[in-house]
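The values are calculated or read from the model by the stated rules, or taken from the named source; none is laboratory data. Just so it is clear, the structure is predicted and the values come from calculations on it, not from any experiment. Cβ placement follows ideal geometry from the backbone for every residue including glycine, while neighbour counts extend to all protein chains displayed.
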Amino acid sequence: MSQKIKIYHNPACGTSRNTLELIRNTGQEPKVIEYLKTPPNKAELMTLIEKSGLSVREAMRKNVEPYEKLELAQEHWSDDQLISFMLEYPILINRPFVVTDLGIKLCRPSELVLDLLSAP
């Protein structure tokens, strides 16, 4: 039986493309959310982070211009402030997040998605 699968995807990211391919190789077609075009709202983003067991900082990309320009490595930023920056600059959101009936994970490396997929 197939399950509902969502992937917060960036087609320019090799890890994200590999994760999508691993999902499709199970015969399932996920709902693909290109999060740079359609970013999650605050509640969705907080759910992705909390349910995946990550800290806000662990869910952030650090090697992108807004991170450096805004000096987000400084420890004085609160989680709420960091979430606000991620909503304003979606490129700061790490990817790919995958959501299934079995849970939510940031799938880096791509193979982590296999823990979220039941047999089709």
Notebook entry, point to check: Got a sec? Which of ASN94, ASN10, ASN41 is among the polar types (S, T, N, Q), loosely packed, with under 11 Cβ neighbours inside 10 Å and in contact (Cβ under 8 Å) with a residue 24 or more places away in the chain?
Noted result: ASN41
Next item on the list: Say whether the condition of being touching a His at 6+ places or on another chain (Cβ under 8 Å) and under 24 Å from ILE5 (Cβ atoms) is met by at least one residue in region 96-108.
Entry: yes
Check: Looking at (1) in a helix (DSSP H, G or I); (2) touching a helix residue (DSSP H, G or I) at 6+ places or on another chain (Cβ under 6 Å); (3) not basic (Lys, Arg), which is the only condition PRO39 fails?
Finding: (1)
Next item on the list: Give the residue, chosen from LYS6, LYS51, LYS37, that is basic (Lys, Arg) and touching a Pro at 6+ places or on another chain (Cβ under 7 Å).
Entry: LYS6
Notebook entry, point to check: Are there any pairs, at least 6 apart or on different chains, whose C-beta atoms fall under 6 Å, with the first in region 54-70 and among the small types (Gly, Ala, Ser) and modelled with pLDDT of 95 or more and the second surrounded by 16 or more Cβ atoms within 10 Å (Cβ to Cβ) and not in a helix (DSSP H, G or I), and if so, which?
Noted result: ALA59/ASN94
Next item on the list: Go through (1) among the polar types (S, T, N, Q); (2) assigned to a loop (DSSP other than H, G, I, E, B); (3) at pLDDT 95 or above one by one and return the number of the condition GLN81 breaks.
Entry: (2)
Item checked: Among (1) surrounded by 15 or more Cβ atoms within 10 Å (Cβ to Cβ); (2) at pLDDT below 95; (3) hydroxyl-bearing (Ser, Thr, Tyr) - the single one SER118 does not satisfy -> (1)
Item checked: Boolean, THR19 is touching a strand residue (DSSP E or B) at 6+ places or on another chain (Cβ under 8 Å) and either farther than 15 Å from ILE83 by Cα or assigned to a helix (DSSP H, G or I) (or both) -> yes
Checklist line | Qualifying residues in region 55-77 (those that are surrounded by fewer than 10 Cβ atoms within 10 Å (Cβ to Cβ) and either of a type in the set (Phe, Trp, Tyr) or assigned to a loop (DSSP other than H, G, I, E, B) (or both)) - the one farthest from the chain's Cα centre (by Cα) | finding: HIS76
